[in-house]
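So the structure is just underneath, and the comments pick up after that.
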């Protein structure tokens, strides 16, 4: 289910759906998770055994500009899905959460038992609320729930507004890259195939309620991101340093001990290799769209 929102070009999403058709049979429904009536029609037709919930208004900075939209989608929309899972006896609910729930943590790496009570962006607050609702439904209604705290996913088909994809376009065009802060901000990047395997593994688990970090457990500085992109693209970047943005955290860093032990998760794609694979796809897409 997808509402093909125009947060970024819906044409890119439709192209992805066309590619999915090549991998096998699937049903696609254009539905907004805020629309309880249309959601119920899908549940009635499809009768799912499991729900993987990745629908959300994403992004820290836009959430500061449109808080009501983020709350209605990420909180009320999540509640709609949980209610329908209860009504239709769905066995498993896998929730795509975010590393942003940790806020400006006092210690690194982040562990699942750390407090998430002080998020520093509206987006983070909505993801924390989603986890809280998911726990409540697991407790009350015998729904098996796993929350996956995603640490900065990247790779082919990455959202065009995210740093790696955005920077690649700007480097190719010879335009300036905006760097908020001094470039020392660090992110724990997760390659998309590692993330997909984590969700696949979660569907095979039968925990009543669990939370897992899914990352690479290796923070990468923003300046180094640019350096690796330059090497992969074979072009130099022009950087423009700007003041830090409200809501951004200085570092994200996943402790993977619990994910390794209980989920069987192990990242297999290093950041540098992931960038090379991303650039290979990026160049191919440029040729197709030219």
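What follows is calculated from the coordinates using simple rules that are stated; it is not laboratory data. These numbers come from a predicted model, not from an experiment. Heads up, the Cβs are rebuilt from the backbone with ideal geometry, glycines too, and the neighbour counts pull from every protein chain shown.
General remarks:
- Peptides 241-247, 206-212 ranked from most to least packed give 206-212, 241-247, packing being the mean of other C-beta atoms within 10 angstrom over each peptide's residues.
- Options (1) 29, 22, 19; (2) 31, 23, 19; (3) 39, 20, 16 - which one matches semi-axes √(5λ) of the Cα gyration tensor in Å as calculated here: (2)
- When the Gaussian network model of the chain links Cα atoms closer than 10 Å, the mean-square fluctuations of 42, 251, 75 top out at 42.
- Nearest-0.05 FRET efficiency for residue 65 and residue 111, computed from C-beta distance (R0 22 Å): 0.10
- Considering only 237, 196, 56, the mean-square fluctuation computed in a Gaussian network model of the chain, springs between alpha carbons under 10 angstrom, is largest for 196.
- Here the label points at residue 262 and residue 40, each 7 Å from Cα along the C-beta direction, are separated by 3.5 nm in the simple model.
- For the chain, calculated [θ]222 nm from helices alone, where every DSSP H run of n ≥ 4 adds -39500 (n - 2.57): -12500 deg cm²/dmol
- Cβ-Cβ FRET estimate between residue 18 and residue 276, R0 fixed at 25 Å, reported to 0.05: 0.45
- Taking label positions 7 Å along the Cα-Cβ direction at both residue 227 and residue 25, the computed distance is 5.1 nm, reported to one decimal.
- Normalised by the number of residues in the range 81-233, the average gap of Cα pairs under 8 Å and 6 or more apart makes the relative contact order 29 percent.
- GNM flexibility winner over the chain from 163, 270, 105 (Cα, springs under 10 Å): 270
- Sorted on the mean count of surrounding Cβ atoms within 10 Å across their residues, most packed first, peptides 136-145, 175-184 read 136-145, 175-184.
- Helix axis angle, 77-87 relative to the chain longest principal axis, alpha carbon, degrees: 30
- Considering only alpha-carbon pairs that sit under 8 angstrom and 6 or more positions apart, the relative contact order computed for the chain is 19 percent.
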